[in-house]
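Enquirer: First the structure, which I've put down as structure tokens, then a few questions once you've had a look.
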Amino acid sequence: MIDQVEQPYAYRHAELVEPDWRRFPGWASVTSSEWESAQWQRAHCVKNIRQLRQVLGAGADEAFYADLERDQAERATMSMLIPPQMVNTMAPLLAPDDPGFTAALYADPVRRYMIPVFSDRRPDWPSHPHSSRDSLHEAEMWAVEGLTHRYPTKVLAEVLPTCPQYCGHCTRMDLVGNPTPVVDKHKFALPRDDRLAAMVGYLKATPGVRDVVVSGGDVANLPWPRLEAFVSELLAIDSIRDIRLATKALMGLPQFWLTDEVRAGMERLATTATQRGVSIAIHTHVNAAQSVTPLVAKAAKAMLATGIRDVRNQGVLLRGVNTTSEALLDLCFALLDDAKIMPYYFYLCDMIPNAEHWRLSLAEAQQLQHNIMGYLPGFATPRMICDVPYVGKRWVHQVARYDTDRGISYWTKNYRTGVEAGDPLALARQYEYYDPIYTLPESGQQWWRELADRDAAAGQAAVGASPAVSASA
Ligand code: SF4
């Protein structure tokens with residue numbers, strides 16, 4: 001009997017759990033109806049260390065707060081913003097005055113990416129020499145402000161630069177959220193409505209685009225009537241066949257997606273989409289199984305009940321958060337079994353500054369892809385994706401060449417973006433992606449150290465000044 005054979009992963013159906021928020025001194029008297037109110041959640045987001053202390057009471061050690069304070073001053077690329085719903089999923093089995101609470105907080109997967117502390121980061125290479133703000137060069141590919149046209153038939157519309165929650169590893173750290181002591185933020189030049197109108201104008205004039213990812217930021221921060229109006233304008237463009245709404249808030253603030261206003265509005269959009277033969281889907285961003293609570297499942301199912309095509313998850317592979325096959329499969333089954341959210345992608349964390357401790361090597365991601373095969377239904381087996389600068393999303397096994405000593409992978413592409421429209425060699429080039437240096441063999445690490453020393457001696461800013469593309473061999 002195969003179910004009696006010991007397997008590398010043992011599937012068991014796990015009941016979803018909403019941890020008891022009353023275990024936190026700051027929320028000891030919060031009622032269920034307050035907790036389930038989107039307004040209450042937004043008003044009680046944790047935005048700074050003082051507010052975190054108020055919630056946790058005297059539970060966490062002073063050393064933890066000092067660690068956090070140093071990170072915010074010297075490393076953090078995102079400011080702090082965490083809805084109570086997400087705080088409540090951290091160290092879910094302990095109250096702050098339980099023994100071991102601080103250790104549990106340090107080890108917690110959600111804490112590791114939502115409240116990064118200085119000691120989490122790599123002391124040797126906090127950033128890869130080739131890391132950069134806007135590491136995917138999205139702004140270079142804006143057709144109009146905020147509309148990235150990187151693939152032939154699809155675009156990304158960054159409709160706003162804010163979210164209900166800020167993730168420490170955010171790829172759009174260049175644009176999204178408030179400035180931090182180490183990162184100033186790009187500001188859109190055009191007022192919001194002018195930007196959105198310019199996007200609609202471009203899409204009307206560009207019938208080759210059939211697929212629009214409406215993102216930001218997070219669409220949950222656009223006032224609902226404005227979001228509904230924008231999506232309705234997209235639905236009125238004949239050439240558009242797919243619309244994807246990007247919202248981590250389906251997990252971080254499910255209360256928003258459960259409001260009457262949003263449910264009724266989504267139902268109107270889904271009805272129009274069905275009449276026009278267009279698919280609307282929600283794409284969310286869940287990185288840890290414990291984040292899939294009954295409220296998250298309720299919100300996902302409420303959205304499906306409006307008649308939209310699907311709710312899919314695009315997680316990010318983050319070391320210490322979800323980079324064991326067991327953690328990934330637990331997450332995928334939690335999404336699929338009771339929340340009806342489709343596991344879709346897991347991205348390698350992009351090459352932004354101060355992210356090395358989170359990033360995996362390509363080889364590690366390939367191994368994870370291998371390890372999760374065969375447990376989930378094929379349609380729900382997520383692909384591990386490397387988003388290669390100037391190339392786009394590539395399945396991790398599509399690498400053309402891989403120097404595992406120096407941690408440099410080489411990728412090819414099969415379409416042009418606007419930035420290389422006039423480049424006859426664009427499709428013949430190989431484009432580089434880099435593993436975290438500390439994961440390399442000693443010889444490879446030494447190569448990078450010598451390169452950095454040479455550049456420093458030559459007075460160059462960093463080896464990252466060199467372009468990340470090379471002519472094909
Ligand atoms: S929700 Fe998405 S856009 Fe917003 S901070 Fe997180 S990763 Fe960035």
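Enquirer: Please tell me the relative contact order of the chain in percent, rounded to the nearest whole number, where contacts are Cα pairs under 8 Å and at least six residues apart.
Expert: After rounding, I find 15 percent.
Enquirer: Residue 415 to residue 145: FRET efficiency via 1/(1 + (r/R0)^6), r the Cβ-Cβ distance, R0 25 Å, to the nearest 0.05?
Expert: Once rounded, the FRET efficiency stands at 0.65.
Enquirer: Now a separate question. Going through the cross-link list 248/301; 248/340; 185/248; 154/393, which pairs have a Cα-Cα distance over 18 Å in this structure?
Expert: Among 248/301; 248/340; 185/248; 154/393, the Cα-Cα distance tops 18 Å for 185/248.
Enquirer: Roughly what would the spin-label model give for residue 371 and residue 6, points 7 Å off Cα along C-beta, in nm?
Expert: Reported label-point gap for residue 371 and residue 6 is 1.7 nm.
Enquirer: With the full set of protein chains in place, find how many percent of the accessible area of region 185-292 is carbon and sulfur; take the probe as 1.4 Å.
Expert: Using a 1.4 Å probe with all protein chains present, region 185-292 comes out at 53 percent carbon and sulfur.
Enquirer: What percent do you get for the relative contact order of region 374-440 when only Cα pairs under 8 Å and 6+ apart count?
Expert: Worked out over region 374-440, it gives 29 percent.
Enquirer: Dipole magnitude of region 359-425 about its Cα centre, charges +1 at Lys/Arg Cβ and -1 at Asp/Glu Cβ only, in debye to the nearest 20?
Expert: It works out to roughly 140 debye.
Enquirer: Give the distance, in whole Å, between the Cα centre of region 114-130 and the Cα centre of region 298-349.
Expert: Each part's Cα centre sits 26 Å from the other's.
Enquirer: So what is the relative contact order of region 1-85, in percent, for Cα pairs below 8 Å that sit 6 or more residues apart?
Expert: Relative contact order here is 32 percent.
Enquirer: A further question follows. Residue-wise, which Karplus ³J(HN,Hα) couplings in Hz belong to region 334-350, taking 6.51 cos²θ - 1.76 cosθ + 1.60, θ = phi - 60°, and x for glycine or proline?
Expert: Whole-Hz 3J(HN,Hα) from phi for region 334-350: 4, 5, 6, 5, 10, 9, 6, 9, 7, x, 10, 10, 10, 8, 5, 4, 6.
Enquirer: Quick one: check the C-alpha center-to-center distance for region 231-279 versus region 136-169, whole angstrom.
Expert: 19 Å
Enquirer: Quick one: accessible surface of residue 154, probe radius 1.4 Å, all protein chains present, in square angstrom to the nearest 10.
Expert: Approximately 60 Å² for this residue.
Enquirer: Under 14 Å from the Cα of residue 47, which aspartates and glutamates turn up, not counting those fewer than eight places away in the same chain?
Expert: 69
Enquirer: Want the number for residue 232 to residue 449: 0.36 nm per residue separation, take away the alpha-carbon distance, what's left?
Expert: The span from residue 232 to residue 449 would gain 72.8 nm if fully extended.
Enquirer: May I ask you to give the solvent-accessible area per residue for region 206-275, in square angstrom, as obtained with a 1.4 angstrom probe?
Expert: It amounts to 33 Å² per residue over region 206-275.
Enquirer: Then there's this: By DSSP, what percent of the beta bridges with both residues in the chain are antiparallel, rounded to the nearest 5?
Expert: 40 percent
Enquirer: So how do 455, 193, 184 rank on accessible area, 1.4 Å probe, biggest first, that is with the largest at the start?
Expert: 184, 193, 455
Enquirer: Per-residue HN-Hα couplings for region 423-439, Karplus 6.51 cos²θ - 1.76 cosθ + 1.60 at θ = phi - 60°, whole Hz, x for Gly and Pro?
Expert: 9, x, 9, 3, 8, 9, 6, 10, 10, 9, 9, 10, 6, x, 5, 5, 8
Enquirer: Subtracting the Cα-Cα distance from 0.36 nm times the residue separation, let me have the gained length for residue 61 to residue 189 in nm, one decimal.
Expert: Extending this stretch completely gives an extra 41.8 nm.
Enquirer: Sum -39500 (n - 2.57) across every DSSP H segment of at least 4 residues in the chain, then divide by the residue count to get the 222 nm mean residue ellipticity, nearest 500.
Expert: Estimated from H runs of four or more residues: -9000 deg cm²/dmol.
Enquirer: Between residue 15 and residue 457, what is the FRET efficiency for a Förster distance of 51 Å, r being their Cβ-Cβ separation, to the nearest 0.05?
Expert: Calculated transfer efficiency: 0.30.
Enquirer: Be a star and scan region 283-322 for residues whose amide nitrogen sits under 18 Å from the point 7 Å along the Cα-to-Cβ vector of residue 30.
Expert: So the set is 290-299.
Enquirer: For the chain, what class follows from the C-alpha gyration tensor (a ≥ b ≥ c being the square roots of its eigenvalues): rounded when a/c is under 1.5, otherwise prolate if a/b is larger than b/c, else oblate?
Expert: Rounded, since a/c falls under 1.5.
The values are calculated or read from the model by the stated rules, or taken from the named source; none is laboratory data. Everything numeric here is computed off the predicted structure, so don't read it as measured data. Methodologically, a virtual Cβ is constructed for each residue, glycine included, from the backbone with ideal geometry; neighbour enumeration extends over all protein chains shown. Quick note on the areas: whole protein, heavy atoms, side chains included, nothing else; ligands and nucleic acids left out. Shrake-Rupley method; radii C 1.70, N 1.55, O 1.52, S 1.80 Å.
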